[in-house]
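Down below is the structure, laid out as structure tokens.
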Ligand SMILES: Cc1cc2nc3c(=O)[nH]c(=O)nc-3n(C[C@H](O)[C@H](O)[C@H](O)COP(=O)(O)O)c2cc1C
């Protein structure tokens, strides 16, 4: 009888410890490295929040066969996450085809609403000052809405280099590409900081939401 009570107490303590950890996943495509740098900055920001496990998944063209993306491990990891942040460069005013292939495959999670009530956010990078980046963020937010996720906006005013592009739906980065193809990708310092703060914001919001 006493043994039974003790066992219950132990189980409760283990259960509490596991529940305090939240998992934030960042899933993105990057052709020439800028969106990748934003993903890294976001991860750095999210890692500042205690008891947050941060995971990064890069979608690549090699993962796509016959026009279809599939990776069961990544999908399962996303299913187990408390928050998912989506990132894509802006191609022709919308998400890159490689990232759209991922989005389409993840409709398998939509059928069962496996991502319902997870927190969501989005970021993009492009070459032109506008470049129609908003089209990409809207498309990422609509995808999150279809999954019944909770969208977190950027949350930073346009000041001191942070949110210099004035984006509130998600984080935008911009730089002129190196057409020679010889220079490594670089992020504007303000865009980098914007992504870092966004990661921290979403990680904090996830904690509050899960409380
Ligand atoms: C197919 C293609 C379409 C693009 N379309 C746009 C666009 O609509 N607007 C823009 O500003 N830049 C556009 N760009 C430039 C990219 O958005 C820019 O180089 C971005 O930094 C790429 O991000 P990445 O380094 O993560 O791949 C395009 C680039 C490619 C390859």
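Only the coordinates and a few stated rules stand behind these numbers; no lab work does. Since this is a predicted model, take the numbers as computed values, not measurements. Positions of Cβ are backbone-derived with ideal geometry, glycine not excepted, and every protein chain shown enters the neighbour counts.
So for each of 172-179, 29-36 I average, over its residues, the number of other beta carbons within 10 Å; can you give me the resulting order with the highest mean first? Could you put the intermediate results ahead of the total?
Values: 172-179: 16.8, 29-36: 20.5.
So the order, starting with the most tightly packed, is 29-36, 172-179.
By DSSP, what percent of the beta bridges with both residues in the chain are antiparallel, rounded to the nearest 5?
Values: 5 of 31 bridges.
Of the beta bridges lying entirely in the chain, close to 15 percent run antiparallel.
For the chain, take the longest principal axis of its alpha carbons; what is the angle in degrees between that and the long axis of helix 34-47, to the nearest 10 within 0 to 90?
30
Using alpha carbons only, how many degrees (0 to 90, rounded to 10) separate the axis of helix 2-19 from the longest principal axis of the chain?
10
Would you mind giving the average projected area, over all directions, of the Cα convex hull of segment 43-101 in nm² with one decimal? Could the numbers behind the result be given before it?
Values: hull surface 19.9 nm².
The Cα convex hull of segment 43-101, projected and averaged over all directions, gives 5.0 nm².
Using 0.36 nm times the number of residues separating residue 175 and residue 151, minus their current alpha carbon distance, what extension gain do you get?
6.0 nm
Estimate the FRET efficiency between residue 208 and residue 68 by the formula 1/(1 + (r/R0)^6), using the beta-carbon distance for r and 45 Å for R0, to the nearest 0.05. Don't skip to the end; give the middle numbers.
Working: r = 37 Å, r/R0 = 0.82.
Computed FRET efficiency for residue 208 and residue 68: 0.75.
By how many degrees, 0 to 90 and rounded to 10, does the Cα axis of helix 133-146 deviate from the longest principal axis of the chain?
30
Multiply the residue separation of residue 183 and residue 76 by 0.36 nm, subtract the distance between their alpha-carbon atoms, and state the gained length in nm to one decimal.
Numbers: separation 107, 0.36 × 107 = 38.52 nm, distance 3.57 nm.
That works out to 35.0 nm of additional length.
Take every Cα pair under 8 Å in segment 87-211 that's 6+ residues apart, average their separations, divide by the length, and report that relative contact order as a whole percent.
So the answer I get is 25 percent.
Over the residues of the chain, compute the C-alpha Rg and express it relative to 2.2 N^0.38 Å.
Numbers: Rg = 18.5 Å, N = 211, 2.2 N^0.38 = 16.8 Å.
Relative to the 2.2 N^0.38 Å estimate, the chain comes out at 1.10.
Given 0.36 nm per residue, what is the gain on full extension from residue 50 to residue 110 after removing their alpha carbon distance, in nm?
Values: separation 60, 0.36 × 60 = 21.60 nm, distance 2.98 nm.
Here the segment from residue 50 to residue 110 would lengthen by 18.6 nm.
Determine the distance separating the Cα centre of segment 59-82 from the Cα centre of segment 124-198; give it in Å without decimals.
23
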